[in-house]
Amino acid sequence: MSAEKPNHLLILGVRHPDRRVPSLVDEKVGGDVDRIFHESPEGDPLKMKYSAWTVVKNPLAVIFGMLRLAAFIVGNLAFATKMVASGKANQLTLKSGGRTQCLQAAKQLSDKHGVEWEAVDVSLIERAKLVPRHLTLISWLAVIFLLISVTLALSGSIPWMIAALGSVAFATTIGTRLGDVRRPIRDQRMFENIVSACEKHDCSEVVLITGENHVQGVASNAAHMNVDYDTFWLSSTADIEN
């Protein structure tokens, strides 16, 4: 590790979908900042290549992506209906995704302090390739079983309807497990990229804006390399649920 590692790393954990993220980050960072880092993937991946790797390594992700898109559309429609019904149509703005909220926070902070911001997470293509072989196998088996279950359920078979719902629940479990497997790798990469950038740009006081689940992992890497840090969960799942 070079002597140019940061003197202090401020790790701000947020809940991605929380629309308060930009203002919460802005309120927390008041002192001097040399550089801002954000949990965005490195590089600008080719969409077709990323999609191909995702289908090959984890076909369940395609189904989840379709469900998330449907939920996003329904959520925006419900939000718009609520705003119009309450007479606030003139204040209507569509809900944006979590990545947009965090990225907006990084850009606002960058403009305010006049410093650069940088993406430090593992690239999307590399992230797709990180799926272990046993989870890839389970993912394919789950998708095949899900398709068979849905097909038979549409014919009116109650047992197969139950099986289809069960396979969705099972797929959710696999998705959670996949996140647990990849998270340590992403945490380490984010920290390494922060240190590399500090060595290159001679940074001292730096900020990382990341999802709530990455705070402890990045902090652990910082502690291991004797980098002074502070952690704050500005916006967590508990905040939203309460």
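Check whether at least one residue in the range 30-39 is over 20 Å from the mean Cα position of the chain (by Cα), modelled with pLDDT of 90 or more and not basic (K, R), and report yes or no. Looking through the range 30-39, at least one residue is over 20 Å from the mean Cα position of the chain (by Cα), modelled with pLDDT of 90 or more and not basic (K, R). Each residue in the range 207-229 was checked for being under 16 Å from S40 (Cα atoms) and in a strand (DSSP E or B), and 5 of them qualify.
The condition (being surrounded by 11 or more Cβ atoms within 10 Å (Cβ to Cβ), modelled with pLDDT under 75 and farther than 28 Å from F145 by Cβ) is satisfied by just one residue among S23, S96: S96.
Checking every residue in the range 48-62 against the condition of being at pLDDT 80 or above, in contact with a Leu (Cβ under 8 Å, 6 or more places away or on another chain), of a type outside the set (F, W, Y) and closer than 21 Å to M190 by Cα gives zero matches.
Taking the listed residues V206, V227, the one that is touching a helix residue (DSSP H, G or I) at 6+ places or on another chain (Cβ under 7 Å), surrounded by 20 or more Cβ atoms within 10 Å (Cβ to Cβ), modelled with pLDDT of 80 or more and more than 30 Å from I63 (Cα to Cα) is V206, with no other qualifying.
Hey, any hits in the range 118-139 for a residue that's farther than 28 Å from P184 by Cβ, modelled with pLDDT of 75 or more and of a type in the set (V, I, T)? No, the conditions are met nowhere in the range 118-139. Looking across the range 40-54 at every residue that is free of Cβ contacts under 8 Å to residues at least 12 places away in the same chain and surrounded by 13 or more Cβ atoms within 10 Å (Cβ to Cβ), the one that is farthest from the chain's Cα centre (by Cα) is identified as A52.
Based on this model, can you work out whether L103 counts as modelled with pLDDT under 90 and touching a Ser or Thr at 6+ places or on another chain (Cβ under 8 Å)? Spelling it out, L103 is indeed modelled with pLDDT under 90 and touching a Ser or Thr at 6+ places or on another chain (Cβ under 8 Å).
The values are calculated or read from the model by the stated rules, or taken from the named source; none is laboratory data. As the structure is a computational prediction, the values presented were derived from the model and not from experiment. Cβ atoms come from the backbone with ideal geometry, glycine included; neighbour counts cover every protein chain shown.
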